1. Scan (1) out of contact with any Lys or Arg (no Cβ under 9 Å at 6 or more places or on another chain); (2) not in a helix (DSSP H, G or I) for the single condition THR220 breaks and write down its number.
2. For the condition in a helix (DSSP H, G or I), in contact with a Leu (Cβ under 7 Å, 6 or more places away or on another chain), surrounded by fewer than 24 Cβ atoms within 10 Å (Cβ to Cβ) and among the small types (Gly, Ala, Ser), what is the one hit in ALA133, ALA170, ALA175?
3. Can you find, within the range 285-305, the residue that is surrounded by the fewest Cβ atoms within 10 Å (Cβ to Cβ) among those that are in contact (Cβ under 8 Å) with a residue 40 or more places away in the chain and in a loop (DSSP other than H, G, I, E, B)?
4. Could you check, for the range 211-227, whether at least one of its residues is surrounded by 13 or more Cβ atoms within 10 Å (Cβ to Cβ), under 27 Å from ASP107 (Cβ atoms) and touching a residue at least 12 places away in the same chain (Cβ under 8 Å)?
5. So SER42 passes all but one of these: (1) in contact (Cβ under 8 Å) with a residue 24 or more places away in the chain; (2) hydroxyl-bearing (Ser, Thr, Tyr); (3) over 19 Å from LEU152 (Cα atoms). Which condition number does it fail?
6. Being over 12 Å from GLY67 (Cα atoms) and part of a helix (DSSP H, G or I) is the filter here, so list the residues in the range 22-34 that pass it.
7. How many residues does the range 142-167 hold that are closer than 22 Å to GLN45 by Cβ and outside any helix (DSSP H, G or I)?
Amino acid sequence: MKPESTRQLVGEALQKAENILLVSHIRPDGDAIGALLGLGLSLIQAGKTVQIVSRDGVPPNLRFLKGSERVQRSVTGMARLIVVVDCSDLERTGNLLEGEMVDVNIDHHITNLHFARYNLVEPTAVATSAILAECLPEWGLPMDASVASALLTGIITDTIGFRTANMNPAALRLAADLMEKGAHLSEVYRRGLVQKTFEAARFWGAGLMRLQRSDSLLWTTLRQVDRQEAGYPGNDDADLVNMLSGVDGDVVVVLNEQKSGKIKVSWRARPGLDISVLALQFGGGGHPAAAGAEVPGSLSDVEHRVLEATRKFLDEKAGTNGKGNA
């Protein structure tokens, strides 16, 4: 099915539905929350009954967004239309939709499994929020300043301030359009990307103390005890992996211990390396330059397996490049 026709079908489904459930992934980032709130607030303004759900709630740095108080941590009743945004597979919703058929899947991850009745998946988009910024006007749905701010937050955070390799002129034009709708670029940039809590800074400190390097591979670990000592309330890495992506090297790995007995692994790679294929080996997914997986096991065991696979990945890429240059 062509993206244009899928867009039309999704728009028609949203227009017809009166009771809609919106869900995104665990440990939500700026694009997950931006897409949830951008679409959710727009549908509410259109007169729909909307339930907005994120199992892990809204990260502290994104609670400045209007409507963030509407985000629930659990589903309180099924809706006529179920929509999942910015999520490559159903497991990443945290089992919020176990046994339910998803109607609409809106995403930009290249590893998306197309698990819904309608799959609006556009890997060339810089963010799921960018897809919605284009589609809401096409679908005849409202876009006031609160919607525009949420969507701009998604675009800015997922491109790390317009600096990822997939940035393009169209995305910058979208950002300008959202500013004209009332989104404040400086506030969104500062609150969504730059500003950190004191607790997040202390959490970073634990990871930075254990930062290691081997050739072009950098890695560190974050333990549950680090989270407790820092007083950091989230289950994420406080965006440490994106900060470390600015350090010289080809690949950065952050291994983040979870309460569930699993390890959240985040990879970042320089342009030209497709790290998503490595994440797929561990049951995860993502983008060529930014991917992740949640891996069962102890921190030491997962660290060993992940680093071994990442080194092999880099060695194979180095060998391929060497043959190509011979």
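Every number in this text was worked out from the coordinates using simple rules, so none of it is lab data. Since the model is a prediction, treat every value here as computed from it, not as a measurement. Neighbour counts are summed over all protein chains in view; Cβ atoms, including those assigned to glycine, are modelled from backbone coordinates with ideal geometry.
1. Looking at each condition in turn, THR220 falls short on (1).
2. Unique residue meeting the criteria: ALA175.
3. Result: PRO288.
4. yes
5. Only one criterion in (1) in contact (Cβ under 8 Å) with a residue 24 or more places away in the chain; (2) hydroxyl-bearing (Ser, Thr, Tyr); (3) over 19 Å from LEU152 (Cα atoms) is unmet by SER42, namely (3).
6. Within the range 22-34, GLY30, ASP31, ALA32 meet the criteria.
7. Counting residues in the range 142-167 that are closer than 22 Å to GLN45 by Cβ and outside any helix (DSSP H, G or I) gives 3.
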